[in-house]
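What follows is a single structure, written as structure tokens, with notes after it.
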Amino acid sequence: MKRILVTGGLGYIGSHTVVALQEEGFEVVVIDNLSNSEVSVLDGIESITRKRPAFENIDLRVKKDVEDFFDNYSVDGIIHFAASKAVGESVENPLLYYENNLHTLVYLLQQCEQHNIHNFIFSSSCTVYGEPDALPITEAAPVKEAVSPYGNTKQISEEVLRDTCHANERLKAISLRYFNPIGAHSSAAIGELPKGTPQNLVPFITQTAAGLREQLSVFGDDYPTPDGSCIRDYIHVVDLAEAHVVALQRIIGEKNDANFEIFNLGTGRGSSVLEVVNAFENVSGEKLNYKIVDRRPGDVIAVYADTQKANEVLGWKTKRTMEEALDSAWSWEKKVRGLD
Ligand code: UD1
């Protein structure tokens with residue numbers, strides 16, 4: 001049985017990926033520093049898979065602790081989620097982002113070299129494309145100058161991976177560029193649980209519907225889009241999690257075409273903010289209190305993925321609809337708030 005280290009494995013995407021890995025027969029060890037997650041996520045994972053992953057509360061910025069971990073555990077591959085991801089916070093505190101998102105990657109890659117670990121999956125973002133010149137966005141689209149330190153950490157991380165793979169040809173790495181992950185596991189045992197005020201659209205919607213927030217602000221309705229609100233590619237988090245397993249199997253099975261590969265992970269379909277609001281009202285039966293406010297600085301107008309490479313080369317495609325994702329996000333929110 002292959003043992004996989006999942007960093008940030010108690011976070012939103014990480015926890016769903018741990019479930020998907022266990023369901024495919026991988027043994028999982030999680031590293032998480034609980035900076036944006038709860039240890040009780042382990043119970044949620046266990047209730048779905050009947051297996052509790054090994055867990056180490058380690059801060060990956062502490063190099064000595066990272067070294068000690070790899071002296072104690074042997075692993076066949078790493079999926080590296082652990083990172084900070086709030087765009088606004090990264091503008092306020094760039095050094096926190098450069099330390100959290102870059103030091104940790106370097107320390108992990110050093111350990112890969114030290115311990116002959118050849119399989120590495122990285123969490124990247126469609127933010128690297130900035131405002132794209134053409135839609136849908138293919139992996140060949142240029143990387144644009146980052147608008148935030150957060151976005152810059154993803155661009156630099158991909159360069160770190162590219163250069164490291166170039167120098168060490170036994171290392172196989174895949175960078176997965178996520179579009180907008182939403183939703184929760186169908187069991188409602190795990191889901192997205194942001195600390196503080198949600199920055200992302202769907203948790204803000206579900207918290208508003210649950211009565212935790214008074215009103216959703218829709219950031220702008222004067223964009224050059226059909227209804228004036230921004231367009232994104234919302235992908236069900238369980239589909240996204242499954243893509244990680246497929247990517248890992250690709251490199252473990254040495255089916256990769258190059259030792260550093262990049263794939264977009266999206267549905268290929270763009271939805272506007274107002275369409276998401278309407279879809280949420282339809283699936284939940286709740287009326288959402290929202291108002292149109294000014295644009296949010298740094299938002300791009302429209303992004304959605306060209307999925308051809310992921311479909312044909314990676315051999316993965318999404319199976320779940322945006323409505324299913326919104327329905328599962330709402331079930332999860334209700335469960336967390338005791339509304340069921
Ligand atoms: C953002 C980041 C992206 C990052 C991701 C991770 C930008 C430009 N992009 O994605 O790089 O990987 O978060 O968390 O910041 N919206 C509202 N009201 C709200 C919240 C959001 O109208 O209260 C709108 C936004 O303007 C946007 C859409 O909903 O049009 C999606 O926003 P969000 O969920 O924050 O994701 P992104 O901004 O696409």
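Here, each number is a calculation from the coordinates, and none is a lab measurement. Small disclaimer: the values here were computed from a predicted structure and weren't measured. For neighbour counting, all protein chains shown are included, and Cβ atoms are generated from backbone atoms with ideal geometry for every residue, glycine included.
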Gln199 paired with Asn116, simple spin-label distance in nm, labels 7 Å along Cα-to-beta-carbon
4.1 nm
Tell me the Rg and the Dmax, in Å, that the Cα atoms of segment 151-196 produce.
16.1, 44
Amide H neighbours of His236 under 5 Å, counting only residues 5+ apart in sequence or on other chains, H built in-plane at 1.01 Å?
Ile182
Cleavage-rule hits, GluC sites (Glu not before Pro), segment 249-340, DSSP coil, Cβ neighbours within 10 Å at most 13:
Glu254
Using modelled amide H (1.01 Å from N, peptide plane; none on Pro or chain starts), what sits under 5 Å from the amide H of Ile231, excluding residues fewer than 5 places away?
Ala302, Val303
Could you give the C-alpha radius of gyration of segment 118-211 expressed as a fraction of 2.2 N^0.38 Å, taking N as the number of residues it contains?
1.35
Tell me, what ³J(HN,Hα) does each residue in segment 44-53 have, in order and in whole Hz, if you take phi through Karplus 6.51 cos²θ - 1.76 cosθ + 1.60 with θ = phi - 60° and put x for Gly and Pro?
x, 4, 5, 5, 7, 9, 6, 10, 9, x
Would you please give the FRET efficiency between Asn93 and Glu254, computed as 1/(1 + (r/R0)^6) with r the Cβ-Cβ distance and R0 = 35 Å, to the nearest 0.05?
0.30
Count the lysine pairs in segment 258-340 whose Cα atoms sit under 20 Å apart, keeping only pairs 8 or more residues apart in sequence or on different chains.
4
Pick out which of Asp299, Asp59, Asp239 has the largest mean-square fluctuation in a Gaussian network model of the chain, springs linking Cα atoms closer than 10 Å.
Asp299
Within segment 94-114: backbone nitrogen closer than 12 Å to the Ile156 label point (7 Å, Cα to C-beta):
94-106
Once the principal axes of the Cα atoms of segment 79-124 are found, what is the range along each, listed largest first in whole angstroms?
38, 16, 10
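Among the trypsin sites (Lys or Arg not before Pro) within segment 1-103, which fall in a DSSP loop and have no more than 11 other Cβ atoms within 10 Å of their own Cβ?
Arg50
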For segment 1-130, what class follows from the C-alpha gyration tensor (a ≥ b ≥ c being the square roots of its eigenvalues): rounded when a/c is under 1.5, otherwise prolate if a/b is larger than b/c, else oblate?
oblate
Select from Gly11, Gly77, Gly285 the residue whose mean-square fluctuation is largest in a Gaussian network model of the chain (Cα-Cα springs shorter than 10 Å).
Gly285
Arg296 versus Ser35, label points 7 Å from Cα toward the beta carbon: distance in nm?
2.0 nm
Taking the Cα atoms only, what angle lies between the long axis of helix 237-252 and the longest principal axis of the chain, rounded to 10 degrees?
20 degrees
For n ≥ 4 DSSP H runs only, could you compute -39500 (n - 2.57) per run for the chain, divide by its residues and tell me the 222 nm figure to the nearest 500?
-11000 deg cm²/dmol
Count neighbours as other Cβ atoms within 10 Å of each site's Cβ, and list the trypsin sites (Lys or Arg not before Pro) in segment 132-171 that are DSSP loop with at most 11 such neighbours.
Arg170
Which whole-angstrom value gives the distance between the alpha carbon centres of segment 69-108 and segment 218-253?
22 Å
Once amide H atoms are placed 1.01 Å from N in the peptide plane, what residues at a sequence separation of 5 or more from Ala86, or on another chain, have their amide H within under 5 Å of its amide H?
none
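Taking a ≥ b ≥ c as the square roots of the eigenvalues of the Cα gyration tensor of segment 274-340, is the shape rounded (a/c under 1.5), prolate (a/b larger than b/c) or oblate?
oblate
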Evaluate the Debye formula for the chain with equal point scatterers sitting on the alpha carbons, no solvent, and hand back log10 of I(q)/I(0) at q = 0.13, 0.14, 0.15 Å⁻¹, in q order, two decimals.
-0.99, -1.16, -1.35
Roughly how tilted is helix 63-72, in degrees to the nearest 10 and between 0 and 90, from the longest Cα axis of the chain?
60 degrees
Leading residue at positive end of dipole, the chain (Cβ point charges), from Ile190, Ile292, Tyr304
Ile190
Assigning unit charges at the beta carbon (Lys, Arg +1; Asp, Glu -1) and nothing else, what dipole magnitude in debye, to the nearest 20, does segment 202-256 show about its Cα centre?
260 debye
List residues of segment 85-112, by number, whose backbone nitrogen lies under 13 Å from a label position 7 Å along Cα→C-beta of Val62.
none
Kindly work out what percent of the DSSP beta bridges joining two residues of the chain are antiparallel, to the nearest 5.
5 percent
Projected onto the charge dipole of the chain (unit charges on the beta-carbon of Lys, Arg, Asp and Glu, signs +1, +1, -1, -1), the Cα from Ala82, Ser124, Gly25 with the largest positive-side position is that of Gly25
For Cα pairs less than 8 Å apart in space and 6+ apart in sequence, what is the mean separation divided by the residue count of segment 25-153, i.e. the relative contact order in percent?
25 percent
